[in-house]
Amino acid sequence: MDSVMLLVLILLPALAALLLPLARRFREPFVLAALLLETAGAVWLLQKSAQLHLFNMTAALPVGLRLDGVSKLFLLIAAVGYLLAGVYAFRYLKEGHERFFRFFLLSQAALVGMCFAENLVTMYLFFEMTTLLSMPLVLHDRTDEAIRAALKYLFYSVAGAFLGLCFIFFYARYSLTLRFVPGGALDGAAVRGHETLMQVVTFLGIVGFGAKAGLYPLHGWLPTAHPAAPAPASAILSGIIAKAGVLAIVRVLYYAVGADFLRGTWVQTALLALALLTVLMGSMMAYREKLLKKRLAYSSVSQISYILVGLFVMTAESVSGALMHVLFHACIKICLFLCAGSFIAVAGKHRVDELRGIGKAMPKTLWGFTLASLALIGIPPASGFVSKWYLAMGALDSGLAVFSWLVPVVLLISALLTAGYLLPISIAGFFPGRDAALPPRNDEGGWHMWLPILLLAAAAVLMGCFGVPVARGFAALAQTVVGA
């Protein structure tokens, strides 16, 4: 039964998407039921262990599913994040509901399939499906801007995936199996004498899969796609779909080649340098940007690379911080993009400088934005502080020469920049000054829009308040990943 549930959770949203035209008169209850069932199934699987072989593409290319600790983390994010963004979208969308929810559900099915991937081939298939099925969400408004943004997203993602496929070709030649094995499955005898070749293709594969996560130099799609996409699509793109790149890197780094093969090599140095550059660059671009959604997009470029920094440090503590930030960032950034969508849809405010006094008109939305911002900055006791603490401590204890102190310094500078581009919005929103022209009070889009925002904001703070048990759970998962 547990094994069958892996397939059910992939097929459920896919079938719901295909049956959507038959449910036009009760579309919202139908979509909500599918999202609730998916979330219930994900929660039910949290205490389970399962594996399911589907078929063989060739004798050496199996397609199968497996549930492990990493799968459960990303599955939970995909299920709950899509549920809250879906509820928000019921009220946010003005037209094209059926088209939007069709690809919304299909992209969830592809993501869940990637979470369950048992080997590199299965992961690659679902990785490509995630790109193809989420691109129409960027394209939804069908404006010239949306078309250009969707094409850019497609080209960057496919180009990155081809680099990942190149890695898979070489890895298949020098590995014992394509299945994910904790610690990696490189064949020591086969790779002997070809270490440099494997290091090069591994570096290219990680950078390629990192395109989905916004890793420099393949980050350009993020600040283009987010302003063009509807807010619920932006929320899942940043909070969930971009994590497909993180998941692929976790699998390649810790379950395929193995961290031991890369520790202390030029590959680790180059990857850390790229990730730290992305953290700084994204923060500085966000600080300069005046369009709210584009500012949040650059913020995502920076914050997702926090996760990559932790993975590339390759210690149990840094990986624990990285995996925590996967969850915390998903919660925070979905909340922030939904807030931005409310400011745009309800008040017609697209730019940061237009939000002066918005707290008088939309207090619940701005409170959600403020709490999520505090968590993203890393102000205790909010969740972002806990993950960044583990990232910094992992780097300090890593013994990586210059990176042991450079990582905490970059994280601190990025946190200051994050405060600089988020807190002024809340301050001007709540304290506009006596002479400011205040927008009229409104219903903030109704409960469909403000309730998901407040739930996510509360979670972003409370997960930090319960940091000790949360950290223990992630520490155990990180030890499994790293093999410590």
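The values are calculated or read from the model by the stated rules, or taken from the named source; none is laboratory data. Just so we're clear, the structure is a prediction, and the values are computed from it rather than from any experiment. For neighbour counting, all protein chains shown are included, and Cβ atoms are generated from backbone atoms with ideal geometry for every residue, glycine included. The accessibility values were calculated without ligands, DNA or RNA, using every heavy atom of the protein model including side chains. Shrake-Rupley method; radii C 1.70, N 1.55, O 1.52, S 1.80 Å.
Here are Gly184, Gly164: which of them is buried (at least 19 other Cβ atoms within 10 Å of the Cβ) and assigned to a loop (DSSP other than H, G, I, E, B)?
Sole residue among the options that is buried (at least 19 other Cβ atoms within 10 Å of the Cβ) and assigned to a loop (DSSP other than H, G, I, E, B): Gly184.
Quick one: Phe55 ticks every box in (1) closer than 19 Å to Leu125 by Cβ; (2) in a helix (DSSP H, G or I); (3) without any contact (Cβ under 8 Å) to a residue 24 or more places away in the chain except a single one, so which number is it?
Of (1) closer than 19 Å to Leu125 by Cβ; (2) in a helix (DSSP H, G or I); (3) without any contact (Cβ under 8 Å) to a residue 24 or more places away in the chain, only one is false for Phe55: (2).
State which residue is nearest to the chain's Cα centre (by Cα) when the search covers only the range 116-164 and only residues that are closer than 25 Å to Gln51 by Cβ and charged (D, E, K, R).
Glu128
Keeping to the range 83-133, report how many residues are of a type in the set (D, E, K, R) and either crowded, with 24+ Cβ neighbours inside 10 Å or outside any helix (DSSP H, G or I) (or both).
3
Of the residues that sit in the range 32-62 and are open to solvent by 20 Å² or more (accessible area, probe 1.4 Å) and touching a Lys or Arg at 6+ places or on another chain (Cβ under 8 Å), which one is nearest to Ile240 (Cα to Cα)?
Across the range 32-62, the extreme among qualifying residues is Leu46.
Restricting attention to the range 16-31, which residues are open to solvent by 90 Å² or more (accessible area, probe 1.4 Å) and either touching a Leu at 6+ places or on another chain (Cβ under 9 Å) or of a type in the set (Phe, Trp, Tyr) (or both)?
Scanning the range 16-31 gives Leu18, Phe26.
In the range 453-484, what count of residues is obtained for those that are open to solvent by 50 Å² or more (accessible area, probe 1.4 Å), touching a residue at least 60 places away in the same chain (Cβ under 8 Å) and either touching a Ser or Thr at 6+ places or on another chain (Cβ under 7 Å) or not in a helix (DSSP H, G or I) (or both)?
Number of matching residues: 2.
When the residues of the range 72-103 are narrowed to those that are hydroxyl-bearing (Ser, Thr, Tyr) and farther than 16 Å from Ala242 by Cα, which ends up farthest from the chain's Cα centre (by Cα)?
Filtering the range 72-103 for residues that are hydroxyl-bearing (Ser, Thr, Tyr) and farther than 16 Å from Ala242 by Cα, the one farthest from the chain's Cα centre (by Cα) comes out as Tyr92.
Can you report the number of residues in the range 63-73 which are assigned to a helix (DSSP H, G or I) and either of a type in the set (A, V, I, L, M) or open to solvent by less than 10 Å² (accessible area, probe 1.4 Å) (or both)? First the steps, then the outcome.
Within the range 63-73, the first condition is being assigned to a helix (DSSP H, G or I), and the residues that meet it are 69-73.
Then drop every residue that is not either of a type in the set (A, V, I, L, M) or open to solvent by less than 10 Å² (accessible area, probe 1.4 Å) (or both), which leaves 70-71, 73.
Here the count works out to 3.
Filter the range 367-416 for residues that are outside any helix (DSSP H, G or I), of a type in the set (Gly, Ala, Ser) and open to solvent by 10 Å² or more (accessible area, probe 1.4 Å) and give the result. Break it down stepwise before answering.
Of the residues in the range 367-416, the ones outside any helix (DSSP H, G or I) are 378-382, 397-401.
Now drop any that are not of a type in the set (Gly, Ala, Ser), which leaves 378, 382, 398-399, 401.
The answer is Gly378, Ser398, Gly399, Ala401.
Under 9 Å between Cβ atoms, which residue pairs at least 6 apart in sequence (or on different chains) link something in the range 179-200 that is touching a residue at least 60 places away in the same chain (Cβ under 8 Å) with a partner that is among the acidic types (Asp, Glu)?
Arg179/Glu118; Phe180/Asp68; Phe180/Glu118; Pro182/Asp68; Gly183/Asp260; Gly184/Asp260
Pairs needed: first member in the range 403-422, without any contact (Cβ under 8 Å) to a residue 24 or more places away in the chain and among the hydroxyl-bearing types (Ser, Thr, Tyr); second member anywhere, open to solvent by less than 10 Å² (accessible area, probe 1.4 Å) and assigned to a helix (DSSP H, G or I); C-beta distance under 8 Å; at least 6 residues apart or different chains.
Correct list of pairs: Ser404/Ala395.
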